[in-house]
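Here the structure is laid out as structure tokens; the discussion comes afterwards.
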Amino acid sequence: MPNQTFFNLPTSKQQVLMNAAKMEFARVPLHEASIANIIKEANIARGSFYQYFEDKEDLYFYLLQLDTEIRRQKFITQIKENDGDFFAALKDNLKSIIIDEIDNEEAQNFYRHVFLNMNYKTEKTFMTSKMDAEIHQYIELISKLIDKNNLHLSSENDLTQMIHIATTVMLHNIVAKFAKNLTNEQVIDNFTHQLNLLKRGFIRQK
């Protein structure tokens, strides 16, 4: 997380640094990224950078955290727009990521580096930017919005696991887009098929 000195900056200056960081992380993966390039683009001194962040990893994961927060708020809106249909909202969420968010060369390169160089910490950050208590509150909010009438759930834990499984499947479809150079249509078709399998289940009912 950034130091308080970063949050004391005007929002416009914060955004300049975030834009410079995203440009550099779009150019190369995290392990090849240069702080020198970031501070040059943001027009700040190296000493100032270290007043804001511990290192480039600190900046990188904060950038992912901001990205995740935006997507989560969008997902809440999409659940409402789909009248509580969790799976329809998740499909819309995937479309918004691969079509609306990855809509230019810089964004494509940024997400390509994020997904193709993903480790446990990256996946955890990308899937949830919240602390455990906040995650619980977020799940509670999602639970209130989801229409559970057609869902086979016996507890709130079932709902939590369903959300985790479905979002993990979505994440790996985005990874496949870059790893296999799939078209948006192929990604959406694959994800739709997998969601249908999840909704149907794999055990034949006697």
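Out of all the residues in region 66-95, which are surrounded by fewer than 16 Cβ atoms within 10 Å (Cβ to Cβ) and polar (S, T, N, Q)?
Residues satisfying the conditions are 73, 77.
What tally of residues in region 33-44 results from selecting those that are in contact with a helix residue (DSSP H, G or I) (Cβ under 7 Å, 6 or more places away or on another chain) and surrounded by fewer than 15 Cβ atoms within 10 Å (Cβ to Cβ)?
Of the residues in that region, 1 qualify.
Take the residues of region 93-107 that are without any contact (Cβ under 8 Å) to a residue 60 or more places away in the chain and under 14 Å from the mean Cα position of the chain (by Cα): which is nearest to residue 33 (Cα to Cα)?
102
Of 68, 11, which residue is under 23 Å from residue 171 (Cα atoms) and hydroxyl-bearing (Ser, Thr, Tyr)? Can you show your working first?
On the way: 11 fails: under 23 Å from residue 171 (Cα atoms).
Just a single option satisfies the conditions, and that option is 68.
Out of all the residues in region 161-206, which are outside any helix (DSSP H, G or I), farther than 20 Å from residue 112 by Cβ and of a type in the set (S, T, N, Q)?
205
Among the residues of region 133-166, write down those that are closer than 26 Å to residue 102 by Cα and in contact with a helix residue (DSSP H, G or I) (Cβ under 6 Å, 6 or more places away or on another chain).
166
Any idea which of 91, 13 is farther than 22 Å from residue 182 by Cβ and not hydrophobic (A, V, I, L, M, F, W, C)? Walk me through how you get there before you give the answer.
Numbers: 91 fails: farther than 22 Å from residue 182 by Cβ.
Only one candidate qualifies: 13.
Which of the following residues is among the aliphatic types (A, V, I, L, M), under 19 Å from residue 105 (Cα atoms), in contact (Cβ under 8 Å) with a residue 12 or more places away in the chain and surrounded by 15 or more Cβ atoms within 10 Å (Cβ to Cβ): 30, 17?
Working: 17 fails: under 19 Å from residue 105 (Cα atoms).
After applying the criteria, what remains is 30.
Could you grab me the full set of residues in region 126-153 that are at pLDDT 70 or above, among the hydrophobic types (A, V, I, L, M, F, W, C) and not in a helix (DSSP H, G or I)? Break it down stepwise before answering.
Restricting attention to region 126-153, the residues satisfying the condition of being at pLDDT 70 or above are 135-153.
Those still in the list that are among the hydrophobic types (A, V, I, L, M, F, W, C) too: 135, 139, 141-142, 145-146, 151, 153.
Listed by number, the residues that qualify are 146, 151, 153.
The values are calculated or read from the model by the stated rules, or taken from the named source; none is laboratory data. Not measured: the values here are computed from a predicted model. Please note: Cβ atoms are built from the backbone with ideal geometry, for glycine as well, and neighbour counts cover all protein chains shown.
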